[in-house]
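Bear in mind that the values in this text are calculations on the coordinates, not laboratory data. All of these numbers come straight from a predicted model, not from anything done at the bench. Positions of Cβ are backbone-derived with ideal geometry, glycine not excepted, and every protein chain shown enters the neighbour counts.
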Amino acid sequence: MQSPSQQASSTALSENERHGIGDTSLPLPEMAAPNSKEEETKTREISSDSSTDDLEPQWISGLPLVNMMVALSIVMFLVLLDGSIIGTAIPRITSEFHSLEDVGWYGSAFQLASAALGPLTGKIYATCDKKWTFIWFFAIFEVGSLLCGVAVSSNMLIVGRAVAGMGVAGLQNGGLTIVASAVSLQRRASLNGILVGLSQLGIVMGPLIGGAFTSYSTWRWCFYINLPLGAVVAVALFFVRIPEQKATGKSERLSAKARALIRDLDLLGFTLLTGFAIELLLALQWGGSSYAWNSSVVIGLLCGAAVTLVLFLFWEHRKGDEAMIPFSIMTKRVVWCGCLVYGFLMASLFLLTYYLPIYFQSVLNATAILSGVYTLPNILAQLAAAIISGLLVGRLGYYLPWSIASAIMTSISTGLMSTFDVNTPAGKWVGYQILFGAGCGMGIQMPILAAQNSLAAQYIPIAIATLIFAQNMVTAIWLTIASTIFENSLRTLIVEYAPSVDAEVVINAGATGIRDVVPAGPVLTQVLAAYSKAIDNTFYLSTASLAASLLFVWGTGWKDIRKKKETSLS
């Protein structure tokens, strides 16, 4: 059976034969153009898998465009929802699985999988059909969500988070890639704005939805919610043909495409990077808790991580521009400084997303849904600051002042959060969150703007992919370090503040089970004080890294983006 494009080609061929044109491999003269508007329309609608190289760009509009945008918006919404919804559910999860020591892994497994696979996804989209590649990545995300929802142990939940992270790795840039392939340049900015704007609802609604599910149903619905919406996405995208805007010449066989993809993916680099990250995270997670820091297991993991990192850097240098993370891009000052600034900021944001709900539910005894409400000052301030700073940067032209202000405001706010205790009034934790949210919102997009306006056009996609990789990798490491700090601090502080209480009993009870194992009274107050102080110690990590980012933010450069726009227009 012939495809529509093959049928169109056969029709054109039979017309040429009737007119006596024998050599159909040569371009037809201008007089042989289609004789009617209907034929011209059919000619322009030939799909991109045709063997013709000189076709005009194919764009979609009308109902197919609406279906595409609805599907992509739902996916982006779910991706951001997944990152914010779990925070309010974690305290209940730790109580059910008795897994307080695994809090860091619930985030780091997701971020690590996304970081390791992320740099490869651009090459996959460049080689394979964009729509089906996107659907496959979304299916992986759905499988991960299902595993999390049906998890019977903490380890199963961690595996599910890792699988979901692998799917998200291909969704983060896949949506923008599809928009770029489906609509003209003039329409991309507005559609990207719609896509990003609608997806931001996931950040705002995540804590509320997660808190509602956890309080009134079960935390498992924080993951089940992705499944019915996923069915809507699959149906909406299935009937949309996404044009492949590239000249392909003769159709490549699937085996040839597969060989080219495997050759370009840098699978050895991916394997080395993944091995390094796993060894490092295990050493950080086990050190001081499961094993002593000077034990052979921890030292062996750290040495293995160091050797694997050296091998990875050597291989990437040898691969050159075909590497997973090209050295020619990574060594540019605006990129590596931007990676550190962006990584520290996003890691601190995720750290607060995980540990503030623990403070609210464990220390202040708030319900899950109420803890979600308590985190809204941070989220709303972040969204407002992001919109306002984006508009002002476009008007004033300079992004560096906003990055500097962001580093100052966020480091001060997390430093103030490290003073939280059992009796901290609401005015303080609301105000400190607003300060952090405003600083985070005004700085979160500046490293990307710096890369876009300091590099040549051909380097921008790779630079942005590198920034996203750095964000995921730093976040994975920081969450693991924070988990180790929290667990080790809690053991020490319970012995110090409440020596009559068994620390292991409190830890195994989970974040919301403290009052089930410690009776009300002075002893409970002492245990809650230890809990609060252990959470405060995790905020020191954010304060230190955000203060350090103030040293690197200058490397993003003092550029006027208005001049870049004028140059590109001229």
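Data for the structure
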item	result
P(r) of the stretch 267-323 over all Cα-Cα pairs, binned every 5 Å from zero, in whole percent	4, 22, 25, 17, 13, 9, 6, 3, 1
Sequence-separation-based contact order of the stretch 414-529, relative, with Cα cut under 8 Å and 6+ spacing, percent	20 percent
Under the Karplus curve 6.51 cos²θ - 1.76 cosθ + 1.60, θ = phi - 60°, whole-Hz ³J(HN,Hα) for the stretch 292-306, x wherever Gly or Pro sits	5, 4, 9, 6, 5, 5, 5, 4, x, 5, 5, 5, x, 5, 5
All Cα pairs of the stretch 431-570, percent lying beyond 26 Å	48 percent
Separation of alpha-carbon centers, the stretch 402-469 and the stretch 313-379, rounded to whole Å	10 Å
Backbone HN-Hα couplings from phi across the stretch 130-140 [Karplus 6.51/-1.76/1.60, Hz, Gly and Pro as x]	5, 5, 6, 4, 4, 5, 5, 5, 5, 5, 4
Pairwise centroid distance, computed over Cα atoms, of the stretch 484-508 with the stretch 60-92, Å	39 Å
Positive-pole candidate from M409, M473, F486, dipole of the stretch 339-570, charges at beta carbon	M409
FRET efficiency, R241 to I460 (Cβ-Cβ, R0 30 Å, nearest 0.05)	0.60
Amide H contacts under 5 Å for Y291, placed H, 5+ residues apart	none
Derived scalar couplings ³J(HN,Hα) [the stretch 104-115; Karplus, 6.51 cos²θ - 1.76 cosθ + 1.60; whole Hz; x for Gly, Pro]	x, 6, 4, x, 5, 4, 5, 5, 5, 4, 5, 5
